């Protein structure tokens, strides 16, 4: 029997109970279906612009 031969705590097999769930992929898919491709692209562009704003602000300030 496979269960008695494999230590499930030390395997790297990804399945439904693994640590890498598909929630993020499912959420991205649902959002893209809701916004459409162009809306999703615009939303992603905005997120990246906010990221750049934060990074630039942190880079120009005093070191922490």
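Projecting label points 7 angstrom from Cα along Cα→Cβ for residue 45 and residue 25 puts them 2.8 nm apart.
Spacing of the modelled spin labels on residue 58 and residue 34, each 7 Å from Cα toward Cβ, amounts to 2.7 nm.
Only the coordinates and a few stated rules stand behind these numbers; no lab work does. Quantities reported herein were computed from a predicted structural model and do not represent experimental measurements. Cβ atoms come from the backbone with ideal geometry, glycine included; neighbour counts cover every protein chain shown.
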